[in-house]
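Only one structure is covered here, and it is reproduced in the block below.
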Amino acid sequence: MKILVPIKRVIDPYVSIRVKSDNTGVETDNVKMSMNPFCEIAIEEAIRLKEAGKAEEIIAVSVGNQSCQETIRTALAMGADRGIHVLIDQTVEPLSIAKILSKIIDQEKPGLVISGKQAIDGDNNQTGQMLAALTDMPQGTFASKIEIDGDKIQVTREIDGGLQTIKLNMPAIITTDLRLNEPRYASLPNIMKAKKKPIDQKTPDDYGVDITPRLKTLKVIEPPKRQAGIKVENISELVEKLKNEAGVI
Amino acid sequence: MTTLFYIEHTNGKVSDQSLKAISATKDLGEEVHGMIAGTSIESVVEEASKIAGVSKIIHIENDEYNNILAEKLTSAIVNISDSYNYFCAAATTTGKNVMPRVAAKLDVSQISEIIGVESSDTFIRTIYAGNAIATVQSSDAKKVLTIRPTAYKAAETNDTGCEVEKINPENIPNISEYINEELTKSDRPELTSAKIIISGGRGMQNGENFELLDKVAAKLGAAVGASRAAVDAGFVPNDYQVGQTGKVVAPELYIAVGISGAIQHLAGMKDSKVIVAINKDEEAPIFDIADYGLVADLFQVLPELEGAI
Ligand SMILES: Cc1cc2nc3c(=O)[nH]c(=O)nc-3n(C[C@H](O)[C@H](O)[C@H](O)COP(=O)(O)OP(=O)(O)OC[C@H]3O[C@@H](n4cnc5c(N)ncnc54)[C@H](O)[C@@H]3O)c2cc1C
Ligand SMILES: Nc1ncnc2c1ncn2[C@@H]1O[C@H](COP(=O)(O)O)[C@@H](O)[C@H]1O
């Protein structure tokens, strides 16, 4: 079985975000970039399935500018077998990403797709579900545990009230939640080995997909700043303020 | 045209999240139909039919809809999509699971977790863990939206109910199966609807120590939440997590105990009305947004707090 893992390159989660002064977006020049944390978890899960003998090949796919190759290399160094890079310079909406990915699925016919639940830049949480719709596959979103059982996959999902378990026909699409696993770091020898692993370079035209945006960002602003308040000395002062000043208890 | 809003229910009640999120639909300027699914839910259907602003309830009455699976619900929505131009749901784990699937089936982009409607095609939402606020305009004829409940007040209820139409979907996809749910049991109010929340972080050290928070919560009628670090360490279940990738809350009072204040945590609670931080490190970033900060050892002051209220 092949596993396809879509990965996104995003601003590193620990970098502080600056809104551009012309309000067209967020500053990305000279900002540290990383693989979206949920995608690292997706790659890790795919590797574990391969190590357990449940998968033969892991393909990491990233859609975006030239630097996405770096992100794919990271996935290869972790343990993915090969990469597909779909080169495009503008930002692409989840619907278009899903359309490109669905064409790749037509060609590669993976038994399983594992994507992140959410890219931490746009916080969209859409691509996996859209891909499932376009390929008519079942979806196991926000997974904290997966178990392949013959031609089905059992998925434990993190939902608002706790955990839900469902069973899906394969091929299926899984999106990862934070507690699915803890991703490994690539070792130095594996980083060296990854340099030799193949990355296919493609463009959206190769897939004949119309990626015209449907959404236009009119402006991006900073959120209103919350003023820091005061320090209290002790619990009795805190309780007094909450009662008499804030009136919340 | 008309707006279709998917109404969730639990324990025989319309979900509080749906009641809040549906308030956004009146800003879309269209007639609103509510969709509700399941069997033996007459009282919930009646409750839903009284939500102010809803002119019709579409009740999917079929056992296959007693536990919501994205494949099945999407198909039911898409079946009747010709009559609607807006498709909305609360940005809960159900809404986030289903609505992107609906959007892709309709070949439109989806707009996630909106916090405001600027006009019929323009919406406001947060990006980058709430560190930026974007205004986005959609050129799609049909618009699929999830709505962040904390941005809205619960809809009012009417005395009398609106028309209810029962539907029974055909060709229900059978590629996924519900097995079970393990829901966290708690005597405390639900996180997303609580007026007061007290949350613990890695500083709590272990799960047993969360009892210190439970005791304060019991006195305040508060819900208990947690940081990701506390959930990852196994102190409390996953549904306690507040933040960018957990729950977004905006109570009257949020008390953060032993939480440093990482941006991903702040993303889930910084719209709370009053924020209290208790942390032994006076440099902790949580103090930058707290209205009242107390630099102290939590193990010393939590029992004091319980005694003082
Ligand atoms: C993709 C991604 C998504 C994330 N999503 C979320 C999310 O949704 N929610 C979330 O919370 N985090 C999230 N995080 C994690 C986040 O970055 C932080 O790691 C996390 O919030 C830290 O939790 P904490 O404050 O409990 O732990 P720490 O940062 O370790 O802070 C513990 C605090 O406790 C204090 N303390 C220790 N002992 C005591 C004591 N005895 N008395 C008083 N104070 C004490 C310390 O001074 C310290 O400030 C995410 C991270 C990533 C990368
Ligand atoms: N440009 C992209 N290239 C590859 N995969 C992507 C891309 N954008 C999103 N994804 C995948 O979809 C997941 C969810 O992203 P989103 O829907 O944007 O929140 C990510 O974690 C990735 O697995």
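The values are calculated or read from the model by the stated rules, or taken from the named source; none is laboratory data. Model, not experiment: these values are computed from the prediction. Note that we place each Cβ from the backbone using ideal geometry, even for glycine, and neighbour counts take in every protein chain shown.
When the range A:119-156 is filtered for residues that are part of a helix (DSSP H, G or I) and either among the small types (Gly, Ala, Ser) or within 7 Å of chain B (Cβ to nearest Cβ) (or both), the ones remaining, listed by number, are A:GLY128, A:GLN129, A:MET130, A:ALA132, A:ALA133, A:LEU134. Just give me the residues in the range B:67-95 being touching a helix residue (DSSP H, G or I) at 6+ places or on another chain (Cβ under 7 Å) and farther than 26 Å from A:LEU163 by Cβ, in sequence order. Listed by number, the residues that qualify are B:VAL78, B:TYR86, B:PHE87, B:CYS88.
Yes or no, residue by residue, for (1) in contact with a strand residue (DSSP E or B) (Cβ under 9 Å, 6 or more places away or on another chain); (2) at pLDDT 95 or above; (3) in a helix (DSSP H, G or I):
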residue: A:THR175; (1), (2), (3): yes, yes, no
residue: A:ARG184; (1), (2), (3): no, yes, no
residue: A:LYS196; (1), (2), (3): no, yes, no
residue: A:GLN201; (1), (2), (3): yes, yes, no
residue: A:ASP210; (1), (2), (3): no, no, no
residue: A:THR217; (1), (2), (3): yes, yes, no
residue: A:LYS241; (1), (2), (3): yes, yes, yes
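Within the range A:156-180, the set of residues being closer than 23 Å to A:PRO110 by Cα, away from ligand 2 (no atom under 16 Å from the Cβ) and within 19 Å of the chain's Cα centre (by Cα) comprises A:THR156 only. Scan the range A:52-76 residue by residue and report those that are more than 10 Å from ligand 2 (Cβ to nearest atom), touching a residue at least 12 places away in the same chain (Cβ under 8 Å) and either aliphatic (A, V, I, L, M) or more than 20 Å from A:ASP200 (Cα to Cα) (or both). Those that are more than 10 Å from ligand 2 (Cβ to nearest atom), touching a residue at least 12 places away in the same chain (Cβ under 8 Å) and either aliphatic (A, V, I, L, M) or more than 20 Å from A:ASP200 (Cα to Cα) (or both): A:LYS54, A:ALA55, A:ILE58, A:ILE59, A:ALA75, A:LEU76. Number of residues in the range B:266-307 that are closer than 14 Å to A:SER236 by Cα and either free of Cβ contacts under 8 Å to residues at least 40 places away in the same chain or within 16 Å of ligand 2 (Cβ to nearest atom) (or both): the value is 11.
Name the single residue that is farthest from ligand 2 (Cβ to nearest atom) among those in the range B:246-259 being under 19 Å from B:TYR128 (Cα atoms) and in contact with a strand residue (DSSP E or B) (Cβ under 8 Å, 6 or more places away or on another chain). Walk me through it before giving the result.
Pass one, the range B:246-259, residues under 19 Å from B:TYR128 (Cα atoms): B:246-250.
Filter once more, keeping what is in contact with a strand residue (DSSP E or B) (Cβ under 8 Å, 6 or more places away or on another chain): B:247-249.
Numbers: B:LYS247: 17, B:VAL248: 16, B:VAL249: 21 Å.
Filtering first and then ranking leaves B:VAL249.
If the condition is being facing chain A (nearest Cβ under 8 Å) and surrounded by fewer than 20 Cβ atoms within 10 Å (Cβ to Cβ), then the range B:109-130 contributes only B:THR122. Taking the numbered list (1) out of contact with any Phe, Trp or Tyr (no Cβ under 7 Å at 6 or more places or on another chain); (2) more than 10 Å from every other protein chain (Cβ to nearest Cβ); (3) among the β-branched types (Val, Ile, Thr) in turn, B:ILE77 passes all entries but (1).
For A:ARG179, the conditions (1) modelled with pLDDT under 95; (2) more than 9 Å from chain B (Cβ to nearest Cβ) are fulfilled apart from (2). Scanning the range A:148-157 finds one or more residues that are charged (D, E, K, R), crowded, with 19+ Cβ neighbours inside 10 Å and either within 16 Å of ligand 1 (Cβ to nearest atom) or under 16 Å from B:GLU182 (Cα atoms) (or both). Kindly indicate whether any position in the range B:96-105 is of a type outside the set (Lys, Arg), surrounded by fewer than 24 Cβ atoms within 10 Å (Cβ to Cβ), touching a helix residue (DSSP H, G or I) at 6+ places or on another chain (Cβ under 9 Å) and modelled with pLDDT of 95 or more. Scanning the range B:96-105 turns up no residue that is of a type outside the set (Lys, Arg), surrounded by fewer than 24 Cβ atoms within 10 Å (Cβ to Cβ), touching a helix residue (DSSP H, G or I) at 6+ places or on another chain (Cβ under 9 Å) and modelled with pLDDT of 95 or more. Considering only the range B:272-282, I want to know if a residue exists there that is within 28 Å of B:LYS20 (Cβ to Cβ), under 26 Å from the mean Cα position of the chain (by Cα) and surrounded by fewer than 23 Cβ atoms within 10 Å (Cβ to Cβ). Within the range B:272-282 (the criterion being within 28 Å of B:LYS20 (Cβ to Cβ), under 26 Å from the mean Cα position of the chain (by Cα) and surrounded by fewer than 23 Cβ atoms within 10 Å (Cβ to Cβ)), the answer is yes, since at least one residue qualifies.
Test B:THR39 against the stated conditions and say whether it is farther than 30 Å from B:LYS195 by Cα, in contact (Cβ under 8 Å) with a residue 60 or more places away in the chain and surrounded by fewer than 17 Cβ atoms within 10 Å (Cβ to Cβ). Taking the combined requirement at face value, the residue does not satisfy it.
Would you mind listing the helices (runs of 4 or more DSSP H) fully within the range B:203-309 where at least 2 residues are among the aromatic types (Phe, Trp, Tyr), closer than 26 Å to A:GLY247 by Cβ and facing another protein chain (nearest Cβ under 10 Å)? Before you say what the answer is, go through the steps one by one.
Working: elements: B:210-220, B:228-232, B:263-266, B:298-308.
Filter on the range B:203-309 gives an empty set.
Scanning the range B:174-194 for residues that are within 8 Å of chain A (Cβ to nearest Cβ) and not aliphatic (A, V, I, L, M) yields B:SER176, B:GLU177, B:TYR178, B:ASN180, B:GLU181, B:GLU182, B:THR184, B:THR192. The set of residues from the range A:76-135 being within 16 Å of ligand 1 (Cβ to nearest atom) and of a type in the set (D, E, K, R) comprises A:LYS117, A:ASP121, A:ASP123. Counting only helices (runs of 4 or more DSSP H) wholly contained in the range B:1-95, the ones carrying 2 or more residues that are over 26 Å from A:ALA133 (Cβ atoms) occupy B:16-21, B:42-49. Take the conditions (1) out of contact with any strand residue (DSSP E or B) (no Cβ under 9 Å at 6 or more places or on another chain); (2) over 21 Å from A:MET1 (Cα atoms); A:ASP136 misses just one of them, which is (2).
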